[in-house]
1. What lysines sit close enough to residue 240 to cross-link, taking a C-alpha to C-alpha distance under 27 Å and skipping anything fewer than 8 places away on the same chain?
2. Loop only per DSSP, at most 14 neighbouring Cβ atoms within 10 Å: give me the trypsin sites (Lys or Arg not before Pro) in region 181-243, ordered by residue number.
3. State, to one decimal in nm, how far the label point of residue 83 lies from the label point of residue 186, with both points 7 Å from Cα in the Cβ direction.
4. Using the Kirkwood radius built from alpha carbon pairs, what does the Stokes-Einstein equation give as D for region 1-58 at 4 °C and 1.567 mPa s, in µm² per second?
5. Suppose every K and R has +1 on its Cβ and every D and E has -1 on its Cβ; what is the size of the dipole of the chain about the Cα centre, in Debye to the nearest 20?
6. Over region 23-95, calculate the relative contact order: mean separation of alpha carbon pairs under 8 Å at least 6 apart, over the residue count, as a percent.
7. Per q in 0.18, 0.22, 0.23 1/Å, what log10 I(q)/I(0) does a Debye calculation on the alpha-carbon atoms of region 47-134 return?
8. Hey, could you get me the Stokes-Einstein D for the chain, Kirkwood radius over alpha-carbon pairs, 4 °C and 1.567 mPa s, rounded to whole µm² s⁻¹?
Amino acid sequence: MSTFPVFDSCTVFGPWPGRSTDLSLEVLLKVMHSNNIARSLATASSGIFYDFRQGNSETLAAAKAHPQQLYPVGTLDPRAYPACLEEAEKRASEGFRLFRFFPSFQKWPINCAPFREVVRTCDELKVPIAVQVENPGECTELADLVAFTEAPLLLAGVRPQHLGEALAVMKSDPKFYLETTYLQGYSTFETVRDVIPNGAERIVFASFSPLRYLSAALGPIVTSKLSEDEKALVLGGNLKRLLSN
């Protein structure tokens, strides 16, 4: 579908509660190949729903088995404090390129002391983070909590009805980036480009494949009115820059 070598910032593999769909690593790799995805940042679902340390070990094993296709992305669970701090340091030393947080799935509040401390640790390690912000007010709450950090932070799971809040947060601090997973509305990406300073450089393609259809995530970007150079940034250039910092 895309003429660009695409980098996908959010993919998963493994069992998913309540879903019978095959989300195996093999399926992820097949979907990547059929959609011209050059690299995916992958996370084992067991790290989200069961034990984050076990999930990170599974993620690392998958990345080592497929080094040309996958980058390992760790999960950290602030409920397991202070073990989450030790896990961050361990996985950063092993080459994890990003840490993801899933407060909505794991049912913990963004405004909590353990999360603030683990974010501080990630910032000191200079590892970017992505935080699930699916509900109204969460982008604002997150921005207040992480005002002291410098490392890039990806706003993950933003719904179209909360885009305005995300844009306001992005205008307040250049460290914030926007993942595209659920943003499929007309002129969405043109709006981000026009409203945010260097807006096209702060959008990062994310599919949540194979849980979500990868082609459906690619389509709105490919058919948008962004320039070809801007599409290349969104579909890979921005993420590659973030990972190289």
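What follows is calculated from the coordinates using simple rules that are stated; it is not laboratory data. All values derive from a computational prediction rather than experimental measurement. Cβ: placed from backbone, ideal geometry, glycine included. Neighbour counts: every protein chain shown.
1. Qualifying lysines at Cα under 27 Å: 30, 64, 90, 126, 171, 175, 225, 231.
2. On the way: sites: 193, 202, 212, 225, 231, 240, 241; in loops: 212, 225.
Answer in residue order: 225.
3. The two pseudo-label positions are separated by 5.1 nm.
4. Details: Rh = 12.2 Å.
D = 106 µm²/s.
5. Numbers: 24 positive and 27 negative charges, 76 e Å.
Charge dipole, the chain, about its Cα centre: 360 debye, nearest 20.
6. Values: 72 pairs, mean separation 19.4, N = 73.
With pairs under 8 Å counted, the relative contact order is 27 percent.
7. Relative scattering, expressed as log10 I(q)/I(0), comes to -0.72, -1.06, -1.15.
8. Details: Rh = 17.8 Å.
The diffusion coefficient I find is 73 µm²/s.
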